1. Longer than 25 Å from Cα to Cα, which of Lys86/Lys245; Lys165/Lys240; Lys63/Lys133; Lys101/Lys130 are they? Say none if no pair is.
2. Per the Kirkwood formula on distinct C-alpha pairs, the Rh of the range 83-205 is how many angstrom?
3. Mind putting together the pair-distance distribution for the range 198-261? All Cα pairs, 10 Å bins, whole percent per bin, short to long.
4. The range 167-225: percent of C-alpha pairs farther apart than 15 Å?
5. If you place +1 on the Cβ of every Lys and Arg, -1 on the Cβ of every Asp and Glu, and leave all else neutral, what size is the dipole of the chain about its Cα centre, to the nearest 20 Debye?
6. How big is the antiparallel share of DSSP beta bridges in the range 129-263, given as a percent to the nearest 5?
7. What percent antiparallel are the DSSP beta bridges of the chain, to the nearest 5?
8. Pairs of Cα atoms under 8 Å, at least six residues apart: use those to get the relative contact order of the chain, whole percent.
Amino acid sequence: EKYAKIAAAVSGRPYVADAAGEPVICVEGLRKSFGDHVVLRDIDLTVNPGQVVTIIGASGSGKSTLLRCLNLLETPDAGHVWFRGKDLAADHVDVNRLREKIGMVFQGFNLFNNMDVLDNCTLAPVTLKKMTKAEAEKVALRHLDAVGLADFAHANVTRLSGGQKQRVAIARSLCMQPDLMLFDEPTSALDPEISGEVLNVMRDLAADGMTMVVVTHEMAFARNVSDEVVFMDQGVIAEKGSPDKLFTNPELPRTREFLSRYL
Ligand code: ADP
Ligand code: MG
């Protein structure tokens, strides 16, 4: 498989995994700098369908930049990212098409504040997917119901609490029927007692089989919901493994030291 990937990388052709199942995301040798500052190096990561991968690590370790390389909000300097077998570095990749398939939820919600909840959810499906307004609203109401906000469909988003806003943001992403959901510290802007309502929605989504990459400082979530935990330190993946292994018996002193801050 390694050779197939290398061959694909060299030729620029799409890498197609074996019949056992194609990864949703496969990252190999990813490197990213801003000026002289190397922010990511030697990043290898595979996310299989239905998996939840959590990325933890100190502020500045490169977590957001890695996440942003997965949907080309940042362009890698070297290495490869395959999304469902397609090499994102290849020039025939339509970035907008790609982002339709990858939902992203940010710390700061990024909602359209001049629209109500329902219009936030239907804008992209109507304009990008050419859904009819009626169809898009039907889909949106289903997702709003799933995050417990069907009653707020016609509320202005500025009137919602932080936790409600973030649940709208998640529902909005789901309306595009993504193959992958990226979360960048989705609860960091929320009061601790509000975080739970967002984490519960994410937990439900994971249980439904959504493939997710989650940057978070919520160690209980990382431990209980993820299939794999990735610990980043100074631009590299220092250690990764099952939550059980990483939280109870980490290999590296620096992993141990990082985790001890959350005890
Ligand atoms: P994290 O999400 O783990 O806190 P980031 O990926 O945001 O880390 O940042 C990693 C490093 O890259 C930091 O030193 C940050 O200052 C730097 N960085 C991130 N984005 C940019 C940018 N657009 N321009 C310059 N430096 C950046
Ligand atoms: Mg960050």
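Each value in this text was obtained by applying a stated rule to the coordinates, not by laboratory testing. For clarity, every value in this text was computed on a predicted model and none was experimentally measured. Glycine also receives a Cβ, built like all others from the backbone with ideal geometry; neighbour counts cover every protein chain displayed.
1. Those over the limit are Lys86/Lys245; Lys165/Lys240; Lys63/Lys133.
2. Evaluated on the range 83-205, it is 14.9 Å.
3. Final binned percentages: 20, 54, 23, 3.
4. Tail of the P(r) past 15 Å holds 46 percent of the pairs.
5. It works out to roughly 360 debye.
6. 55
7. 55
8. Averaging sequence separation for qualifying contacts and normalising by length gives 25 percent for the chain.
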